[in-house]
Amino acid sequence: MAGLASTNERHTIGVVVDNEAGVLARVIGLFSGRGYNIDSLTVAEVDPANALSRITVVTTGTPQIIEQIKAQLERLVVVHRVNDLTTGGPHVERELALVKVVASGNRRVESLRIADIFRARVVDSTTKSFVFEVTGTSEKLNAFISLMEPLGLVELSRTGIVAIARGTTGL
Amino acid sequence: MRGRATGGMEASVELTGAEIIVKALLDQGADVVFGYPGGAVLPIYDAIFKQNQLRHILVRHEQGAAHAAEGYARSTGKVGVILVTSGPGATNTVTGLTDALMDSIPIVCLTGQVPTHLIGNDAFQEADTVGITRPCTKHNYLVRDVKDLARVLHEAFYVARSGRPGPVVVDIPKDVALAKGPYIGPADVKHRSYRPQVKGDAAKIKAAVAMFAAAKRPLIYAGGGVINSGPKAAKLLTDFARVTGVPITNTLMGLGAYPGTDPQFIGMLGMHGTYEANLAMAECDVMLNVGARFDDRVTGRLDSFAKKSRKIHIDIDPSSINKTVLVDLGIVGDAATVLEDLIKVWKAGRHRLDQKALKAWWKQIAQWRARDCLRYRMDDKVIKPQYALQRLYEMTKAREPFITTEVGQHQMWAAQFFKFNKPNRWMTSGGLGTMGYGLPAAIGVQIAHPDALVIDVAGEASVLMNIQEMSTIAQYRLPVKVFILNNEYMGMVRQWQEFFHGGRYAESYMDSLPDFVKLAESFHAVGLRATRPDEVDGLIEEMLRINRPVIADVMVDKTENVFPMIPAGAAHYEMKLGPEDHVAPATEDGMVLV
Ligand SMILES: Cc1ncc(C[n+]2csc(CCOP(=O)(O)OP(=O)(O)O)c2C)c(N)n1
Ligand SMILES: [Mg+2]
């Protein structure tokens, strides 16, 4: 935006929405239609009794853009709450990855050793492969993945970030 | 079910989906629906046929239905209703829905859909209507179960008219229209989450009053939000301007929000706004924006927009605040509600502006006004479009006409030369700039106001985009007047080509135009033509005398340009006042702007 440039910030935003058809399309359409970034997006039902889902979206933009994103989200008829976790105080962010490594000999042993350091669990194994489950911050997952790559990483699946505020209050 | 039926006779009687629709529309206060039938909506048409409270207006193209509903909504403040079939019926409304979204017009559009068991099968006349219309509606629904139908319809009206108004689509599969289900009334439906903020924050209103009271060069900049809020908002805006004695400018969408003939009104602002309004924007020290959205047609170049001012922005839509222009004070709320509070606080505090400063400010404005920026060179052989509109205004103003427009030069001249003293009299496609808007919009206006004078100020190119609606006009005997400023060019395109593309008039000449007089006659209307300035008054007199639809073909100067003009990408003070000023894009960046 001309004349209003300032540095980009990364924000993690929790959005409580109606759990009904087309809601995700609405949110994603808002981001793509207005040219906002989506670094990560997760969604799942969190309150079946009231048919509510929670979307966690990680986005980057100038402070003005971040304000716009929140205002635009709030404007959607299906949105109940928008909560900027980044500005809302301390919060926890977690991501889960499933990492398939095909290796033998030393490399197979090394992959197990690294998994141990990262507290990754083996959730599937064959004589030639492991599937590791690793949870943590995205940085931790990145580190784990980059160590696994030379050892025979063949497939990767990540959940994207889920986040929640610390402390006693609920959204 | 979210809205629970609360017993009584109505809830126990089962109706067909189609009957539920008719009943819900009537309970929502709709008296007219603009539509076009087809296979998927035949049950609904059957239900309409069997009653005589809800009136159906048969348009000739579904885009026409959408604009007619917009015209109806804008001239009455009520929700406009559209009914179309699935597939092509639905896709034909997309331009109208987008138009209504951009200009915040409350519309409920009912679309037929293939039966639920065929959805997703590429069935005949199937289109993913909710998918296609998601980005061009405020909200949309696909009703899969007749049990949800009444609730969804009531919600749709609520969403369309609440907060910042907009279009809502309800997609209804044919089996749902045929199935039987319960009816619940509007009182039994409460939306579960959508509650736009109406009342402004009291502390911010106090701060706004303090900021405004300290102004030396105050300015009110009011937009379509005032009109959408209702006549009370326009009245309060007028009160506040009178109490404070400050100058006020309106956006294209806001014309009529403040009396156009009042001396405190300094004209429309923006790309083709008045010199005094745009310079006042550039020079003011406190700006009070009520229901306007800092559109790029208004701000011009952002980094030099109204730099000397502190800005207060009242808007019902939080996302409008700080979207393009950062303001000092944003107040979320309904225009009328906030203005009412603002006036209370102003009066309670016995505020008074610095009268000496205000006098100096008015003196400055008077100097800008003296430039007489809307002047044009009169000609005694060729009709100047400005002259034709000036005469039209002078000769019709006593009848307080409703004016719709198409899009182009004629639209800007109409905005400049017509003065609206009341809201809801001016219907133009602002945000989307939709050629073909004015004629169907005039239908909606005339249906809502059968005895009023309704004029579509048109360009010869635009009017051809929905000319089929002349047939609708004939069928319902609507005395709509189509006043064409015929320059045989897509004049606005020609103007930009002259200024920015070396005078290479690529495809902007309107070759092979119809004979509009004969065209009128073939549509059972009266055709009139003027080619010389001294014929203009006679033509208008005749047009007004005839109590039937008229197409007036006014042959105007083919090369006239709209002034003043702030070229795209330029700042307000770089405004061009007339042909003697060289108009070129101010910057390379300006060249890419539209
Ligand atoms: C549907 C649509 N297509 C294209 C345009 C681009 N456009 C804007 S003004 C204009 C020319 C309009 O010509 P006319 O109706 O004769 O009006 P004039 O400018 O000559 O008064 C065009 C093509 C538009 N606004 N809408
Ligand atoms: Mg033209």
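The values are calculated or read from the model by the stated rules, or taken from the named source; none is laboratory data. All figures in this text were calculated on a predicted structure; none of them were measured in a lab. Cβ atoms come from the backbone with ideal geometry, glycine included; neighbour counts cover every protein chain shown. Each accessible area value is taken on the protein alone, full model and side chains, heavy atoms only, with ligands, DNA and RNA left out. Shrake-Rupley method; radii C 1.70, N 1.55, O 1.52, S 1.80 Å.
Restricting the range B:264-321 to residues that are more than 22 Å from B:Met102 (Cβ to Cβ) and among the polar types (S, T, N, Q), the residue that is surrounded by the most Cβ atoms within 10 Å (Cβ to Cβ) is B:Asn278.
Working carefully through the options B:Lys204, B:Lys216, find the one that is under 26 Å from B:Ile316 (Cα atoms), away from chain A (no Cβ under 14 Å) and open to solvent by 50 Å² or more (accessible area, probe 1.4 Å). Before the answer, list the steps.
Details: B:Lys216 fails: under 26 Å from B:Ile316 (Cα atoms).
Residue meeting the stated conditions: B:Lys204.
In summary, B:Ile82 fulfils each of the numbered conditions (1) in a loop (DSSP other than H, G, I, E, B); (2) without any contact (Cβ under 8 Å) to a residue 60 or more places away in the chain with the single exception of condition (1). Annotation: of all residues in the range B:298-321 being touching an Asp or Glu at 6+ places or on another chain (Cβ under 7 Å) and part of a loop (DSSP other than H, G, I, E, B), the one that is nearest to the other protein chains (Cβ to nearest Cβ) is B:Ile321. Residues in the range B:439-454 that are crowded, with 24+ Cβ neighbours inside 10 Å and farther than 13 Å from B:Ile473 by Cα: how many? Final tally of qualifying residues: 0. Scanning the range B:412-439 for residues that are part of a helix (DSSP H, G or I), more than 28 Å from B:Leu236 (Cα to Cα) and among the small types (Gly, Ala, Ser) returns a single hit, B:Gly438. Of the listed requirements (1) more than 21 Å from the chain's Cα centre (by Cα); (2) not assigned by TED's automatic domain parsing to the domain that holds A:Ser32, A:Val78 misses just one: (2).
The set of residues in the range B:358-411 being aliphatic (A, V, I, L, M), part of a helix (DSSP H, G or I) and open to solvent by less than 20 Å² (accessible area, probe 1.4 Å) consists of B:Leu358, B:Ile365, B:Ala388, B:Leu389, B:Leu392.
What is the residue count in the range A:25-73 for residues that are part of a helix (DSSP H, G or I) and more than 20 Å from A:Ile164 (Cβ to Cβ)?
Step one: of the range A:25-73, the residues part of a helix (DSSP H, G or I) are A:25-34, A:48-50, A:63-73.
Imposing the further condition that a residue be more than 20 Å from A:Ile164 (Cβ to Cβ) reduces the set to A:25-26, A:28-34, A:63-65, A:67-68, A:71-72.
Matching residues across the range A:25-73 total 16.
B:Ala452 satisfies every condition listed in (1) away from ligand 1 (no atom under 16 Å from the Cβ); (2) free of Cβ contacts under 8 Å to residues at least 40 places away in the same chain; (3) in a loop (DSSP other than H, G, I, E, B) except (2). Taking the condition of being more than 9 Å from chain A (Cβ to nearest Cβ), among the β-branched types (Val, Ile, Thr) and open to solvent by 10 Å² or more (accessible area, probe 1.4 Å), how many residues in the range B:322-357 meet it? Counting residues in the range B:322-357 that are more than 9 Å from chain A (Cβ to nearest Cβ), among the β-branched types (Val, Ile, Thr) and open to solvent by 10 Å² or more (accessible area, probe 1.4 Å) gives 5. Per the conditions (1) open to solvent by 40 Å² or more (accessible area, probe 1.4 Å); (2) within 15 Å of ligand 1 (Cβ to nearest atom); (3) in contact with a strand residue (DSSP E or B) (Cβ under 7 Å, 6 or more places away or on another chain), the sole criterion not satisfied by B:Ala506 is (3). Residues of the range B:508-539 that are more than 25 Å from B:Lys381 (Cβ to Cβ), of a type in the set (Gly, Ala, Ser) and touching a residue at least 12 places away in the same chain (Cβ under 8 Å): B:Ala520, B:Ala525. When B:Arg242 is tested against (1) surrounded by fewer than 22 Cβ atoms within 10 Å (Cβ to Cβ); (2) within 24 Å of B:Asp103 (Cα to Cα); (3) away from chain A (no Cβ under 14 Å); (4) not hydroxyl-bearing (Ser, Thr, Tyr), exactly one condition is not met: (2).
If you take the residues in the range B:472-488 that are assigned to a loop (DSSP other than H, G, I, E, B) and within 16 Å of ligand 1 (Cβ to nearest atom), which one is nearest to B:Tyr509 (Cα to Cα)?
Taking the range B:472-488 first, the residues assigned to a loop (DSSP other than H, G, I, E, B) are B:476-480, B:487-488.
With within 16 Å of ligand 1 (Cβ to nearest atom) added as a condition, the list becomes B:487-488.
Details: B:Asn487: 9, B:Glu488: 6 Å.
Residue satisfying both the conditions and the ranking: B:Glu488.
Do we find that B:Pro196 is within 14 Å of another protein chain (Cβ to nearest Cβ), under 23 Å from B:Ala73 (Cα atoms) and surrounded by fewer than 20 Cβ atoms within 10 Å (Cβ to Cβ) in this structure? Considered against the rule, which asks whether it is within 14 Å of another protein chain (Cβ to nearest Cβ), under 23 Å from B:Ala73 (Cα atoms) and surrounded by fewer than 20 Cβ atoms within 10 Å (Cβ to Cβ), B:Pro196 comes out as yes.
When you scan the range B:544-567, do you find a residue that is under 15 Å from B:Ala461 (Cβ atoms), among the charged types (D, E, K, R) and open to solvent by 40 Å² or more (accessible area, probe 1.4 Å), even just one? Within the range B:544-567, one or more residues are under 15 Å from B:Ala461 (Cβ atoms), among the charged types (D, E, K, R) and open to solvent by 40 Å² or more (accessible area, probe 1.4 Å). In the range B:117-156, the residue that is most open to solvent (accessible area, probe 1.4 Å) out of those that are more than 16 Å from B:Lys180 (Cα to Cα), more than 10 Å from chain A (Cβ to nearest Cβ) and of a type in the set (Asp, Glu) is B:Asp122.
Conditions tested, residue by residue: (1) within 10 Å of another protein chain (Cβ to nearest Cβ); (2) surrounded by 20 or more Cβ atoms within 10 Å (Cβ to Cβ).
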| residue | (1), (2) |
| --- | --- |
| A:Val27 | no, yes |
| A:Leu41 | no, no |
| A:Ala44 | no, no |
| A:Val58 | no, yes |
| A:Gln64 | yes, no |
| A:Gln68 | yes, yes |
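Yes or no: A:His80 within 14 Å of chain B (Cβ to nearest Cβ) and either modelled with pLDDT of 95 or more or open to solvent by less than 20 Å² (accessible area, probe 1.4 Å) (or both)? Against the criterion (within 14 Å of chain B (Cβ to nearest Cβ) and either modelled with pLDDT of 95 or more or open to solvent by less than 20 Å² (accessible area, probe 1.4 Å) (or both)), A:His80 qualifies. Go through the residues of the range B:110-124 one by one and say whether even a single one is assigned to a loop (DSSP other than H, G, I, E, B) and within 29 Å of the chain's Cα centre (by Cα). The answer is no; no qualifying residue exists.
When the residues of the range B:455-476 are filtered to those that are of a type in the set (A, V, I, L, M, F, W, C) and touching a residue at least 60 places away in the same chain (Cβ under 8 Å), which remaining residue is surrounded by the fewest Cβ atoms within 10 Å (Cβ to Cβ)?
Ranking the qualifying residues of the range B:455-476, first place goes to B:Ala474.
Condition first: closer than 22 Å to B:Ala458 by Cα and either open to solvent by less than 30 Å² (accessible area, probe 1.4 Å) or within 16 Å of ligand 1 (Cβ to nearest atom) (or both). Can you find one or more residues in the range B:569-578 that meet it? Looking through the range B:569-578, none of the residues is closer than 22 Å to B:Ala458 by Cα and either open to solvent by less than 30 Å² (accessible area, probe 1.4 Å) or within 16 Å of ligand 1 (Cβ to nearest atom) (or both). Only one entry in B:Glu507, B:Glu488, B:Glu498, B:Glu521 is among the charged types (D, E, K, R) and within 12 Å of ligand 2 (Cβ to nearest atom), namely B:Glu488.
Residue by residue through the range B:509-536, note down the ones that are part of a loop (DSSP other than H, G, I, E, B) and within 15 Å of ligand 1 (Cβ to nearest atom).
Keep residues of the range B:509-536 that are part of a loop (DSSP other than H, G, I, E, B), which gives B:510-515, B:523-525, B:531-532.
B:Met510, B:Asp511, B:Ser512, B:Leu513, B:Pro514 - these are the residues of the range B:509-536 that are part of a loop (DSSP other than H, G, I, E, B) and within 15 Å of ligand 1 (Cβ to nearest atom).
When A:Asn8, A:Asn37, A:Asn19, A:Asn50 are checked against the criterion of being away from chain B (no Cβ under 13 Å), more than 18 Å from the chain's Cα centre (by Cα) and either open to solvent by 60 Å² or more (accessible area, probe 1.4 Å) or free of Cβ contacts under 8 Å to residues at least 40 places away in the same chain (or both), A:Asn8 stands alone in meeting it.
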